[in-house]
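Every number here is computed from the coordinates shown, using simple stated rules; none is lab data. Quick caveat, the model's predicted, so the values are computed rather than measured. Counting neighbours? That spans all protein chains shown, and the Cβs are built from the backbone with ideal geometry, glycine included.
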Amino acid sequence: MKHFVRPLSTLLTSCLFFLFAHAFPRALPIPQGQDGSGSRELIGDLRTVGPTTPVGRSIANIIMGSESGQSSVIGQRPANDTACAADPCCVWYDVSLALTVLFLGPAGRCNNQARAAIRLGFHDAGTWSKTNRDSGLDFGGADGSLLMNFGEDARAENNGLQGIIGKLRIVQKLFKIGFADLVQYASIHAVVTCPLGPRLRAFTGRKDATRAAPDGLLPDVHAAADSLIALFQDKTIVPHDLAALLGAHSTSKAFVQPGVPAGTPQDTTPAVWDVRFYNETIQSPSPKGVFVFPSDAVLSKHPAVSTEWNSFIDAQSHWNEDYATAYTRLSMLGVNNINSLRECSQTLPPARPDFPGASVQFADS
Ligand code: HEM
């Protein structure tokens, strides 16, 4: 184990319990009747040359909705340095342990660093568009540029992310993994660290950015629903998948919204990955202590989104599976070597679908 986590070992007892729990060596079955809406399209090298490897085939299946984007496969870190050096996923066990320390609160829920990491994954990957690709400007996307020194952390749209950027830069330096992979791995690790969160499949091997991402491709919280839907469609994300992605605001708090007290959550259980957000967003008035983003308010009522939105209310496993499909796509935007990625899902902590106290409102992390 690397020197970064060794001094923190006393804090890790509960993390180790989760990390080294029993293995269930199989991919989850795909729930029926949840995926067919919207017309999804292939991206990156899956679009240009098709799936040419088993991993490429799996990612194509996941993002098209015919294979589960969740995994319950849990591995063991190779015990010695020689065995670790022979396993390209080995370093991710160490990264995973460090991220658990960073994202897990003392009460077993996910904390501010976790919610910021989930948003960071979106803000890195979401800077890609088909319009740019088709004009020969195929850069941006899930390339780690937001974590690198290109100045994107100073953009207004990334306000509130500077803290997690600083911390993940330290993790990158310690473990010498790619920036692009770390951003996406951290985002999905944070999701499964939240009680009830899905365990998305983790793929590594993306190429890091060589320049800043294009500006102006992230959504404005005050934009009209039609323009937000168009913005995401230009990223190949259909309204069905957008409805699933917006559920990430289940764990969200607003820190930098004018006139809103810092730390105001978007549902009554912000340290838990639950479906209350879907119901509470459409309540009038909103629950006391909750701030509904104007964008969520308008999108939840839009006819292209509302059916799927309402279908997530009281349907945790449906949402978890749809989020896994949609986020796997998001995490591959701008990635043009999808066929050469490898799967390291086994290095993630186990999911905690039965967390006691998951429904306690405004509970501490
Ligand atoms: C229409 C699309 C979206 C809009 C307009 C939007 C807007 C926002 C805004 C304004 C904040 C509050 C930032 C702050 O004050 O600190 C926020 C937070 C957050 N967003 Fe989104 N977002 C969108 C989509 C997404 C997506 C697709 C994801 C992830 C898949 C996501 C994940 C998060 C998370 C986890 C937070 C909480 C960050 C924290 O607590 O530090 N958002 N979003």
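Excluding Ser145 itself, calculate the net charge of residues whose Cβ lies under 14 Å from the Cβ of Ser145, where each Lys or Arg counts +1 and each Asp or Glu counts -1.
So the environment of Ser145 carries a net charge of -4.
Long-range amide H contacts for Cys110: which residues qualify at under 5 Å (H placed 1.01 Å from N, peptide plane, sequence gap of 5 or more or a different chain)?
Gly105
Given a Förster radius of 35 Å and the C-beta distance between Ala297 and Thr82 as r, what FRET efficiency does 1/(1 + (r/R0)^6) yield to the nearest 0.05?
0.05
For the chain, what does the helix formula give at 222 nm: sum of -39500 (n - 2.57) over DSSP H segments with n ≥ 4, over the residue count, nearest 500 deg cm²/dmol? Can you show the working numbers first?
Values: 15 runs with 142 residues, N = 365.
That comes out to -11000 deg cm²/dmol.
Tell me, what is the FRET efficiency for Ala156 and Ala262 to the nearest 0.05, using R0 = 22 angstrom and their Cβ-Cβ distance as r? Don't jump to the answer; show the numbers that get you there.
Values: r = 16 Å, r/R0 = 0.75.
E(calc), rounded to 0.05, equals 0.85.
Under 8 Å for C-alpha pairs, at least 6 residues apart: give me the relative contact order for the chain, rounded to a whole percent.
RCO, the chain: 28 percent.
Between Asn61 and Ser39, what is the label-point separation in nm under the 7 Å Cα-to-beta-carbon projection?
Simple spin-label model gives 2.5 nm for this pair.
Beta carbons within 10 angstrom, averaged per residue: use that to sort the peptides 243-256, 110-123, highest first.
110-123, 243-256
A 29 angstrom limit on the alpha carbon distance is what I want to check against. Which of Lys167/Lys288; Lys253/Lys301; Lys130/Lys288; Lys130/Lys176 exceed it? Numbers along the way, then the final one.
Values: Lys167/Lys288 33 Å; Lys253/Lys301 22 Å; Lys130/Lys288 40 Å; Lys130/Lys176 31 Å.
Flagged as over cut-off: Lys167/Lys288; Lys130/Lys288; Lys130/Lys176.
Out of the stretch 145-181, which trypsin sites (Lys or Arg not before Pro) are coil in DSSP terms and have no more than 14 other C-beta atoms within 10 Å?
Here the trypsin sites (Lys or Arg not before Pro) that fit, given the DSSP loop and packing criteria, are Lys176.
Quick check: from the Cα gyration tensor, does the stretch 6-347 come out rounded (a/c under 1.5), prolate or oblate?
It is rounded, given that a/c, with a ≥ b ≥ c, falls under 1.5.
Taking the Cα centre of each part, how many Å lie between the stretch 288-365 and the stretch 76-108?
24
Between Asn279 and Asp234, with labels modelled 7 Å along Cα→Cβ, what's the label distance in nm to one decimal, could you check?
So the two model labels end up 3.7 nm from each other.
For an R0 of 22 angstrom, estimate the FRET efficiency from the Cβ-Cβ distance between Arg342 and Val49 and round to the nearest 0.05.
Values: r = 18 Å, r/R0 = 0.82.
The computed FRET efficiency comes out at 0.75.
Please arrange Phe203, Phe103 by counting, for each residue, the other beta carbons lying within 10 Å of its beta carbon, fewest first.
By the 10 Å Cβ count, ascending: Phe203, Phe103.
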